Amino acid sequence: MTPSALVLLTLLAAPVAAQTRPPVEHIARPGSRAPFSPAVRAGDTIYLSGQIGALPDGTIPKGMDAQARAAMTNLGDAARMAGVGFDDMVKCTVMLADMSQWAAFNAVYVTYFAPGRLPARSAFGVNGLAMGAGVEIECIAIAPSPR
């Protein structure tokens, strides 16, 4: 096949590919000025932005237990905005400012999921999180497409 024929086939196939792509919905938190969407739906997949343990007043509580609970609550709030919950989460990524807090985070994390329904997960240490937080968690969930 000549290079020009390959280009022509690629151009002809592009509109078909664009038509089959699932719609993307950016779910915004009302009144938020944050430079991201808390959740984005692409077909049956929900991408939940990283959530830190900030309280509703914007403060970060002291201690991993309180921060982990606040981060999980914030994650749950973002998930509900997208029509999913903790049972729908299939993959999570946890970032910890101090890896020595891993066990303390896990003790809180597991209480948000039904027994035997833990998502696949990665956890790693980072050198600083937004607002001086000790933990940030992001997840991917699966839900039926809206009709």
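The values are calculated or read from the model by the stated rules, or taken from the named source; none is laboratory data. Keep in mind it's a predicted model, so treat the numbers as computed, not measured. Here the Cβ positions follow ideal geometry from the backbone for every residue, glycine too, while neighbour counts run over all protein chains shown. For accessibility, only protein heavy atoms count, side chains too; no ligands or nucleic acids. Shrake-Rupley method; radii C 1.70, N 1.55, O 1.52, S 1.80 Å.
Those residues that are hydrophobic (A, V, I, L, M, F, W, C) and either part of a loop (DSSP other than H, G, I, E, B) or open to solvent by 60 Å² or more (accessible area, probe 1.4 Å) (or both), I need them from region 132-142; list them, please.
Selection gives A133, I142.
Considering each residue of region 42-63, count those that are part of a strand (DSSP E or B), in contact (Cβ under 8 Å) with a residue 40 or more places away in the chain and not β-branched (V, I, T), and give that number.
Qualifying residue count, region 42-63: 5.
Mind checking which residues of region 105-131 are more than 22 Å from D77 (Cβ to Cβ) and open to solvent by less than 40 Å² (accessible area, probe 1.4 Å)?
Scanning region 105-131 gives a single hit, V126.
Within region 64-89, take every residue that is in contact (Cβ under 8 Å) with a residue 60 or more places away in the chain and not hydrophobic (A, V, I, L, M, F, W, C) and give me the one that is least open to solvent (accessible area, probe 1.4 Å).
Q67
Conditions (1) modelled with pLDDT of 85 or more; (2) surrounded by 10 or more Cβ atoms within 10 Å (Cβ to Cβ); (3) of a type in the set (D, E), marked per residue:
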site: M1; (1), (2), (3): no, no, no
site: P15; (1), (2), (3): no, no, no
site: Q19; (1), (2), (3): no, no, no
site: G31; (1), (2), (3): no, no, no
site: V40; (1), (2), (3): yes, yes, no
site: Q51; (1), (2), (3): yes, yes, no
site: P56; (1), (2), (3): yes, no, no
site: P61; (1), (2), (3): yes, yes, no
